[in-house]
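Each remark here refers to the structure printed beneath this line.
The values are calculated or read from the model by the stated rules, or taken from the named source; none is laboratory data. Everything numeric in this text was worked out from a predicted model, so none of it was measured. As a convention, Cβ positions derive from the backbone with ideal geometry for all residues, glycine included, and neighbour counts pool all protein chains shown. For the accessible areas, the whole protein counts, side chains as well, though only heavy atoms, and no ligand, DNA or RNA atoms are used. Shrake-Rupley method; radii C 1.70, N 1.55, O 1.52, S 1.80 Å.
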Amino acid sequence: MPFARAIDAEIHYEDSGGEGPVVLLGHEFLMDRTMFASQQAALTPEFRLVTPDARGHGRTRDEGLPFTYWTCARDALTVLDQLGVERAVLGGTSQGGHIALRAALLAPDRVAALILISAEAHEPTPEEQLNARRFLDKWHEDSSRPALAAFLARRLIGDDDRQHAVWVARWLARDPHATEIGAGALLGRDSILDRLGEITCPTLVIHPTLGGVPRSHARALADRLPDARYLEITGARQTVNMTHAPLINTAIREFLRATSVNRALASPSIRLWSGEIPIRTTDPAPHPTEIPRSAPQSPASAEISRTPTQSPRNPGH
(Lines give C-alpha, C1' and ligand atoms only; values in the text may rest on other atoms or scores of the structure.)
Protein backbone atom coordinates (compact mmCIF):
# COMPACT_ATOMS: atom_id res chain seq x y z
CA MET A 1 0.00 0.00 0.00
CA PRO A 2 1.47 3.39 -0.97
CA PHE A 3 1.96 6.05 1.71
CA ALA A 4 3.35 9.57 1.59
CA ARG A 5 5.15 10.56 4.77
CA ALA A 6 4.23 13.91 6.29
CA ILE A 7 5.87 15.23 9.46
CA ASP A 8 3.34 13.57 11.78
CA ALA A 9 1.33 11.25 9.51
CA GLU A 10 1.55 8.66 6.78
CA ILE A 11 -0.96 9.59 4.10
CA HIS A 12 -2.39 6.58 2.30
CA TYR A 13 -3.40 7.03 -1.33
CA GLU A 14 -4.37 5.06 -4.42
CA ASP A 15 -2.81 5.85 -7.78
CA SER A 16 -4.34 4.59 -11.03
CA GLY A 17 -1.00 5.05 -12.76
CA GLY A 18 -0.58 5.77 -16.44
CA GLU A 19 0.78 8.64 -18.50
CA GLY A 20 -2.26 10.92 -18.40
CA PRO A 21 -2.52 14.25 -16.56
CA VAL A 22 -2.71 13.77 -12.79
CA VAL A 23 -6.02 14.49 -11.06
CA LEU A 24 -5.94 14.31 -7.25
CA LEU A 25 -9.40 14.05 -5.63
CA GLY A 26 -10.08 14.34 -1.90
CA HIS A 27 -13.06 12.70 -0.23
CA GLU A 28 -15.93 13.93 1.93
CA PHE A 29 -15.75 14.02 5.74
CA LEU A 30 -16.45 10.55 7.22
CA MET A 31 -15.81 8.88 3.87
CA ASP A 32 -12.62 7.71 2.18
CA ARG A 33 -10.87 7.40 -1.18
CA THR A 34 -13.30 4.67 -2.35
CA MET A 35 -16.08 7.21 -2.88
CA PHE A 36 -14.36 8.02 -6.20
CA ALA A 37 -14.59 4.47 -7.59
CA SER A 38 -16.94 5.61 -10.36
CA GLN A 39 -14.62 8.44 -11.39
CA GLN A 40 -11.62 6.11 -11.43
CA ALA A 41 -13.47 3.66 -13.69
CA ALA A 42 -14.69 6.36 -16.06
CA LEU A 43 -11.75 8.76 -16.30
CA THR A 44 -8.76 6.41 -16.47
CA PRO A 45 -6.51 5.78 -18.34
CA GLU A 46 -7.05 9.12 -20.11
CA PHE A 47 -6.35 10.76 -16.76
CA ARG A 48 -4.24 9.50 -13.87
CA LEU A 49 -6.39 9.55 -10.74
CA VAL A 50 -4.82 9.86 -7.30
CA THR A 51 -7.17 9.52 -4.32
CA PRO A 52 -5.71 9.98 -0.82
CA ASP A 53 -7.30 9.20 2.54
CA ALA A 54 -7.40 12.30 4.72
CA ARG A 55 -6.19 12.30 8.31
CA GLY A 56 -8.52 10.35 10.55
CA HIS A 57 -9.98 8.46 7.57
CA GLY A 58 -9.39 5.27 5.64
CA ARG A 59 -5.92 3.75 5.90
CA THR A 60 -4.01 6.94 6.65
CA ARG A 61 -1.95 6.69 9.84
CA ASP A 62 -1.73 9.68 12.14
CA GLU A 63 -1.40 10.40 15.82
CA GLY A 64 -5.03 11.38 16.39
CA LEU A 65 -4.14 15.01 17.06
CA PRO A 66 -6.23 18.04 16.01
CA PHE A 67 -5.53 19.36 12.52
CA THR A 68 -6.90 21.88 10.05
CA TYR A 69 -7.62 21.85 6.34
CA TRP A 70 -4.41 23.80 5.82
CA THR A 71 -2.61 20.78 7.28
CA CYS A 72 -4.50 18.52 4.87
CA ALA A 73 -3.60 20.80 1.95
CA ARG A 74 0.06 20.29 2.80
CA ASP A 75 -0.62 16.54 2.95
CA ALA A 76 -2.02 16.65 -0.59
CA LEU A 77 1.10 18.42 -1.82
CA THR A 78 3.20 15.83 -0.01
CA VAL A 79 1.43 13.09 -1.99
CA LEU A 80 2.34 14.90 -5.21
CA ASP A 81 5.94 15.12 -3.99
CA GLN A 82 5.94 11.38 -3.32
CA LEU A 83 4.78 10.77 -6.89
CA GLY A 84 7.26 13.23 -8.39
CA VAL A 85 4.39 15.28 -9.83
CA GLU A 86 5.07 19.00 -10.15
CA ARG A 87 1.66 20.10 -11.44
CA ALA A 88 -1.78 18.53 -11.17
CA VAL A 89 -5.51 19.12 -11.11
CA LEU A 90 -6.79 19.09 -7.53
CA GLY A 91 -10.34 18.74 -6.30
CA GLY A 92 -12.77 16.77 -4.24
CA THR A 93 -16.15 16.54 -2.57
CA SER A 94 -16.99 18.90 0.31
CA GLN A 95 -14.03 18.38 2.69
CA GLY A 96 -11.87 17.43 -0.29
CA GLY A 97 -12.86 20.62 -2.10
CA HIS A 98 -12.10 22.72 0.97
CA ILE A 99 -8.64 21.15 1.09
CA ALA A 100 -8.02 21.66 -2.65
CA LEU A 101 -8.84 25.37 -2.37
CA ARG A 102 -6.26 25.78 0.38
CA ALA A 103 -3.66 23.84 -1.60
CA ALA A 104 -4.21 26.27 -4.48
CA LEU A 105 -3.51 29.16 -2.09
CA LEU A 106 -0.44 27.47 -0.61
CA ALA A 107 1.15 26.46 -3.92
CA PRO A 108 -0.58 28.09 -6.90
CA ASP A 109 2.18 27.05 -9.31
CA ARG A 110 1.43 23.39 -8.62
CA VAL A 111 -2.34 23.50 -9.12
CA ALA A 112 -3.29 23.54 -12.80
CA ALA A 113 -7.06 23.47 -12.21
CA LEU A 114 -9.66 22.80 -9.51
CA ILE A 115 -12.74 20.56 -9.37
CA LEU A 116 -14.90 21.62 -6.42
CA ILE A 117 -17.93 19.45 -5.60
CA SER A 118 -20.27 20.44 -2.75
CA ALA A 119 -17.67 22.92 -1.54
CA GLU A 120 -17.69 26.48 -0.25
CA ALA A 121 -15.30 29.17 0.95
CA HIS A 122 -17.41 30.30 3.95
CA GLU A 123 -16.74 29.46 7.57
CA PRO A 124 -19.43 27.62 9.57
CA THR A 125 -22.01 29.74 11.35
CA PRO A 126 -22.36 29.64 15.16
CA GLU A 127 -25.70 27.86 14.67
CA GLU A 128 -24.04 25.13 12.61
CA GLN A 129 -21.38 24.67 15.23
CA LEU A 130 -23.98 24.44 18.00
CA ASN A 131 -26.01 21.85 16.08
CA ALA A 132 -22.84 19.91 15.37
CA ARG A 133 -21.89 19.87 19.03
CA ARG A 134 -25.26 18.39 19.91
CA PHE A 135 -24.89 15.81 17.16
CA LEU A 136 -21.42 14.80 18.32
CA ASP A 137 -22.50 14.50 21.94
CA LYS A 138 -25.13 12.00 20.83
CA TRP A 139 -22.63 10.27 18.52
CA HIS A 140 -20.56 9.35 21.56
CA GLU A 141 -23.54 7.44 22.98
CA ASP A 142 -23.38 3.83 21.75
CA SER A 143 -27.17 3.49 21.84
CA SER A 144 -27.75 6.57 19.68
CA ARG A 145 -25.03 6.06 17.07
CA PRO A 146 -26.83 3.59 14.72
CA ALA A 147 -29.85 5.89 14.30
CA LEU A 148 -27.61 8.91 13.79
CA ALA A 149 -25.55 7.05 11.20
CA ALA A 150 -28.71 6.11 9.29
CA PHE A 151 -29.86 9.74 9.43
CA LEU A 152 -26.50 10.95 8.16
CA ALA A 153 -26.56 8.44 5.29
CA ARG A 154 -29.92 9.77 4.12
CA ARG A 155 -28.67 13.35 4.26
CA LEU A 156 -25.39 12.67 2.45
CA ILE A 157 -26.35 9.93 -0.01
CA GLY A 158 -30.13 9.94 -0.45
CA ASP A 159 -32.15 6.78 -1.04
CA ASP A 160 -29.51 4.28 -2.17
CA ASP A 161 -29.91 1.47 0.37
CA ARG A 162 -26.84 -0.42 -0.85
CA GLN A 163 -24.60 2.60 -0.35
CA HIS A 164 -26.27 3.23 3.02
CA ALA A 165 -25.34 -0.22 4.24
CA VAL A 166 -21.71 0.18 3.15
CA TRP A 167 -21.11 3.57 4.72
CA VAL A 168 -23.17 3.10 7.90
CA ALA A 169 -21.15 -0.05 8.66
CA ARG A 170 -17.91 1.89 8.22
CA TRP A 171 -19.09 4.79 10.38
CA LEU A 172 -20.18 2.51 13.20
CA ALA A 173 -16.77 0.80 13.13
CA ARG A 174 -14.94 4.13 13.46
CA ASP A 175 -13.41 5.34 16.69
CA PRO A 176 -15.70 8.17 17.89
CA HIS A 177 -12.59 10.11 18.89
CA ALA A 178 -11.40 10.12 15.27
CA THR A 179 -14.80 11.41 14.20
CA GLU A 180 -14.58 14.20 16.78
CA ILE A 181 -11.10 15.22 15.60
CA GLY A 182 -12.12 15.19 11.94
CA ALA A 183 -15.22 17.22 12.72
CA GLY A 184 -12.98 19.77 14.39
CA ALA A 185 -11.27 20.46 11.07
CA LEU A 186 -14.60 20.76 9.26
CA LEU A 187 -16.23 22.99 11.86
CA GLY A 188 -13.08 24.98 12.60
CA ARG A 189 -12.34 25.96 9.01
CA ASP A 190 -11.72 29.63 8.33
CA SER A 191 -13.35 31.72 5.62
CA ILE A 192 -11.24 32.21 2.51
CA LEU A 193 -13.80 34.28 0.61
CA ASP A 194 -11.52 37.32 0.51
CA ARG A 195 -8.68 35.27 -0.99
CA LEU A 196 -10.54 33.60 -3.86
CA GLY A 197 -9.33 36.26 -6.28
CA GLU A 198 -5.80 34.87 -5.82
CA ILE A 199 -6.82 31.54 -7.37
CA THR A 200 -6.57 32.14 -11.11
CA CYS A 201 -6.53 28.56 -12.42
CA PRO A 202 -9.57 27.17 -14.31
CA THR A 203 -12.14 25.83 -11.85
CA LEU A 204 -15.25 23.67 -12.10
CA VAL A 205 -17.77 24.29 -9.29
CA ILE A 206 -20.43 21.57 -8.96
CA HIS A 207 -23.36 22.29 -6.64
CA PRO A 208 -25.98 19.65 -5.70
CA THR A 209 -29.04 21.51 -4.47
CA LEU A 210 -29.87 19.04 -1.70
CA GLY A 211 -26.35 18.97 -0.32
CA GLY A 212 -25.01 20.73 2.74
CA VAL A 213 -23.93 23.97 1.02
CA PRO A 214 -26.44 26.79 0.46
CA ARG A 215 -26.82 27.80 -3.17
CA SER A 216 -25.76 31.34 -2.31
CA HIS A 217 -22.46 30.02 -0.94
CA ALA A 218 -21.82 27.91 -4.04
CA ARG A 219 -22.60 30.87 -6.30
CA ALA A 220 -20.33 33.12 -4.25
CA LEU A 221 -17.53 30.58 -4.68
CA ALA A 222 -17.97 30.48 -8.45
CA ASP A 223 -18.50 34.23 -8.79
CA ARG A 224 -15.40 35.21 -6.83
CA LEU A 225 -13.05 32.75 -8.55
CA PRO A 226 -11.63 34.54 -11.62
CA ASP A 227 -11.96 31.58 -14.02
CA ALA A 228 -14.84 29.36 -12.85
CA ARG A 229 -17.55 27.29 -14.49
CA TYR A 230 -20.67 26.50 -12.46
CA LEU A 231 -22.74 23.30 -12.69
CA GLU A 232 -25.88 22.97 -10.59
CA ILE A 233 -27.59 19.61 -10.18
CA THR A 234 -31.10 19.91 -8.83
CA GLY A 235 -32.32 17.17 -6.51
CA ALA A 236 -28.84 15.77 -5.83
CA ARG A 237 -27.34 15.16 -2.39
CA GLN A 238 -23.88 15.98 -1.04
CA THR A 239 -22.11 12.93 -2.49
CA VAL A 240 -23.30 13.72 -6.01
CA ASN A 241 -20.18 12.16 -7.55
CA MET A 242 -21.52 8.80 -6.27
CA THR A 243 -25.26 9.27 -6.78
CA HIS A 244 -25.07 10.98 -10.19
CA ALA A 245 -21.81 9.48 -11.41
CA PRO A 246 -22.45 9.51 -15.21
CA LEU A 247 -23.37 13.20 -15.16
CA ILE A 248 -20.43 14.14 -12.94
CA ASN A 249 -17.98 12.02 -14.94
CA THR A 250 -19.05 13.69 -18.18
CA ALA A 251 -18.75 17.16 -16.67
CA ILE A 252 -15.28 16.44 -15.25
CA ARG A 253 -14.07 14.85 -18.50
CA GLU A 254 -15.23 17.79 -20.60
CA PHE A 255 -13.72 20.26 -18.16
CA LEU A 256 -10.37 18.45 -18.15
CA ARG A 257 -10.34 18.31 -21.95
CA ALA A 258 -10.97 22.05 -22.23
CA THR A 259 -8.25 24.07 -23.91
CA SER A 260 -7.62 26.29 -20.88
CA VAL A 261 -7.09 23.29 -18.58
CA ASN A 262 -4.80 21.54 -21.06
CA ARG A 263 -2.80 24.73 -21.38
CA ALA A 264 -2.51 25.04 -17.59
CA LEU A 265 -1.39 21.41 -17.28
CA ALA A 266 1.22 21.91 -20.00
CA SER A 267 2.68 25.03 -18.38
CA PRO A 268 5.90 24.26 -16.47
CA SER A 269 5.77 24.69 -12.73
CA ILE A 270 7.98 27.55 -11.56
CA ARG A 271 8.88 25.93 -8.26
CA LEU A 272 8.22 22.86 -6.17
CA TRP A 273 6.43 23.44 -2.89
CA SER A 274 8.83 23.19 -0.01
CA GLY A 275 6.49 23.84 2.88
CA GLU A 276 7.87 27.37 3.29
CA ILE A 277 5.31 29.36 1.28
CA PRO A 278 3.72 31.87 3.70
CA ILE A 279 -0.04 31.95 4.06
CA ARG A 280 -2.02 34.91 5.26
CA THR A 281 -4.11 33.04 7.74
CA THR A 282 -3.90 31.40 11.10
CA ASP A 283 -4.86 27.81 11.67
CA PRO A 284 -7.95 28.17 13.88
CA ALA A 285 -8.51 25.98 16.90
CA PRO A 286 -10.57 22.97 15.85
CA HIS A 287 -14.21 22.77 16.79
CA PRO A 288 -16.64 19.95 16.59
CA THR A 289 -19.26 17.93 13.00
CA GLU A 290 -21.41 19.74 10.63
CA ILE A 291 -24.86 18.32 10.00
CA PRO A 292 -25.52 18.86 6.30
CA ARG A 293 -28.14 21.47 5.56
CA SER A 294 -31.00 20.48 3.33
CA ALA A 295 -32.76 22.31 0.52
CA PRO A 296 -36.32 21.95 -0.81
CA GLN A 297 -37.04 18.93 -2.99
CA SER A 298 -37.31 19.63 -6.72
CA PRO A 299 -37.12 17.66 -9.97
CA ALA A 300 -33.67 16.52 -11.05
CA SER A 301 -32.06 18.84 -13.57
CA ALA A 302 -28.73 20.45 -14.24
CA GLU A 303 -27.61 23.95 -15.07
CA ILE A 304 -24.16 24.85 -16.29
CA SER A 305 -22.81 28.32 -16.78
CA ARG A 306 -19.52 30.07 -17.28
CA THR A 307 -18.64 32.62 -14.63
CA PRO A 308 -16.80 35.50 -16.29
CA THR A 309 -13.43 36.69 -15.10
CA GLN A 310 -13.85 39.13 -12.23
CA SER A 311 -11.79 41.10 -9.80
CA PRO A 312 -11.90 39.87 -6.22
CA ARG A 313 -14.53 41.51 -4.06
CA ASN A 314 -14.90 41.95 -0.35
CA PRO A 315 -17.15 39.42 1.37
CA GLY A 316 -20.74 40.46 1.18
CA HIS A 317 -21.62 39.44 4.73
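Could you order ILE7, ILE99 so the one with the most accessible surface comes first? Probe is 1.4 Å.
Descending accessible area places them as ILE7, ILE99.
Over the range 121-199, calculate the relative contact order: mean separation of alpha carbon pairs under 8 Å at least 6 apart, over the residue count, as a percent.
Relative CO of the range 121-199 lands at 51 percent.
Would you mind working out the accessible area per residue for the range 148-259, using a 1.4 Å probe, and quoting it in Å²?
Per-residue value: 32 Å².
Enumerate the calculated ³J(HN,Hα) couplings along the range 104-118 in order (Karplus 6.51 cos²θ - 1.76 cosθ + 1.60, θ = phi - 60°), each rounded to whole Hz, writing x wherever the residue is Gly or Pro.
Rounded to whole hertz, the list is 5, 6, 5, 9, x, 6, 9, 10, 7, 6, 10, 10, 10, 10, 6.
Mind checking the log10 I(q)/I(0) for the range 77-166 at q = 0.21, 0.24 Å⁻¹? Debye, one equal scatterer per Cα, no solvent, two decimals.
The computed values of log10 I(q)/I(0) come out as -1.01, -1.11.
Would you grab the residues whose amide H sits under 5 Å from the one on VAL22? Only those 5+ places off in sequence or on another chain, please, with H modelled 1.01 Å from N.
Residues meeting the criterion, in which the H sits 1.01 Å from N, are ARG48, VAL89.
What number results when the radius of gyration of the range 23-152, computed over Cα atoms, is divided by 2.2 N^0.38 Å?
For the range 23-152, the normalised Cα radius of gyration comes out at 1.14.
In nm, to one decimal, how far is the modelled label at ALA150 from the one at GLU19, with both set 7 Å along Cα→Cβ?
A separation of 5.3 nm, rounded to one decimal place.
Over the C-alpha atoms of the range 129-255, what are the Rg and the largest Cα-to-Cα span, Dmax, in Å?
Spelled out, the Cα radius of gyration and Dmax of the range 129-255 are 16.8, 48 Å.
Measure off 7 Å from each Cα along the Cα-to-Cβ vector at GLU198 and GLU127, then give the distance between these two points in nanometres to one decimal.
Spacing of the two 7 Å Cα→Cβ label points: 3.1 nm.
Roughly how many Å² is the accessible area per residue of the range 1-124, as a whole number, for a 1.4 Å probe?
29 Å²
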